[in-house]
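The values are calculated or read from the model by the stated rules, or taken from the named source; none is laboratory data. The model shown is predicted, which means the values in this text are computed figures rather than measured ones. Methodologically, a virtual Cβ is constructed for each residue, glycine included, from the backbone with ideal geometry; neighbour enumeration extends over all protein chains shown. What goes into the accessible areas is simple: the full protein's heavy atoms, side chains included, and nothing from ligands, DNA or RNA. Shrake-Rupley method; radii C 1.70, N 1.55, O 1.52, S 1.80 Å.
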Amino acid sequence: MAVDAHITDPALVAALETSRASCEQALALVDLVSQASAAAPNETLPLSALTEISKQQKLLTTNIAHLRGLHRSAHFRARETKGQTAEARHEVDVLHLQLQNLYYEQRHLKGEISACESFDHTYQSLPLIPVDEFLAAHPEHANADENALLEARINHERKEREALEQQRLELQKRKQALITENKKRRDDLANLDKDLEKFIDAAKPIQKLFEKVV
């Protein structure tokens with residue numbers, strides 16, 4: 001698939017279209033000069049031919065100037081994108097740190113569960129929050145009997161752990177999405193820079209030819 005198909009930014013699309021048009025115009029101008037020179041190999045080019053060549057050269061110069069402006073704009077946008085990428089990378093780093101903390105907490109909770117499963121114990125030995133704290137947060141269980149209260153505390157612990165796991169999964173998805181988007185932007189900008197550099201290099205011989213003709 002062509003590189004252009006991946007570029008959707010209007011400024012980059014305009015730069016590519018102008019680059020392509022300038023390239024076509026330059027080739028057409030080279031053909032025009034070649035045809036005029038072939039028609040009169042040992043004579044001075046006719047005034048009409050010189051006028052047309054000059055006209056086309058001015059148009060090409062205008063397009064190249066426009067292309068330079070678009071390139072400069074793209075460069076500034078790339079710098080801005082790099083800044084945004086740095087901010088996004090910082091956000092990803094923060095999310096990664098939070099994720100590591102969640103992993104640490106998850107490992108800690110798994111360790112607690114493993115320790116409880118390794119020893120004979122009763123339900124009262126489960127690592128639940130104290131009864132006073134649970135009742136303060138859930139006063140609707142204040143009049144529940146001992147078994148119902150224990151079941152409610154166990155359900156509360158389960159919900160807390162499920163919420164932590166859901167938060168971890170959401171952070172992981174968000175991190176992956178940011179990494180994918182940043183990579184796409186870097187690839188688009190890198191490809192545009194390469195195309196512009198190639199065109200500028202290719203235009204140098206044409207410029208020298210204009211200088212000889214004029």
Return the only residue of 114, 22 being open to solvent by 50 Å² or more (accessible area, probe 1.4 Å), part of a helix (DSSP H, G or I) and either of a type in the set (Gly, Ala, Ser) or modelled with pLDDT of 80 or more (or both). 114
Which numbered condition trips up residue 104, out of (1) exposed (fewer than 11 other Cβ atoms within 10 Å of the Cβ); (2) not in a helix (DSSP H, G or I)? (2)
Here are some residues: 190, 137, 78, 115. Which one is small (Gly, Ala, Ser), free of Cβ contacts under 8 Å to residues at least 40 places away in the same chain and closer than 30 Å to residue 16 by Cβ? 190
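For residue 55, indicate whether it is at pLDDT 80 or above, more than 39 Å from the chain's Cα centre (by Cα), in a helix (DSSP H, G or I) and not hydroxyl-bearing (Ser, Thr, Tyr).
On the way: at pLDDT 80 or above: yes; more than 39 Å from the chain's Cα centre (by Cα): yes; in a helix (DSSP H, G or I): yes; not hydroxyl-bearing (Ser, Thr, Tyr): yes.
It is true that residue 55 is at pLDDT 80 or above, more than 39 Å from the chain's Cα centre (by Cα), in a helix (DSSP H, G or I) and not hydroxyl-bearing (Ser, Thr, Tyr).
Collect the residues in region 127-174 that are assigned to a helix (DSSP H, G or I) and among the small types (Gly, Ala, Ser), keeping them in residue-number order. Give the derivation first.
First, the residues of region 127-174 that are assigned to a helix (DSSP H, G or I): 131-137, 139-141, 146-174.
Selection gives 136, 137, 148, 152, 163.
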Give the residue that is nearest to residue 103 (Cα to Cα), with candidates limited to residues of region 167-180 that are open to solvent by less than 90 Å² (accessible area, probe 1.4 Å) and touching a residue at least 60 places away in the same chain (Cβ under 8 Å). 168
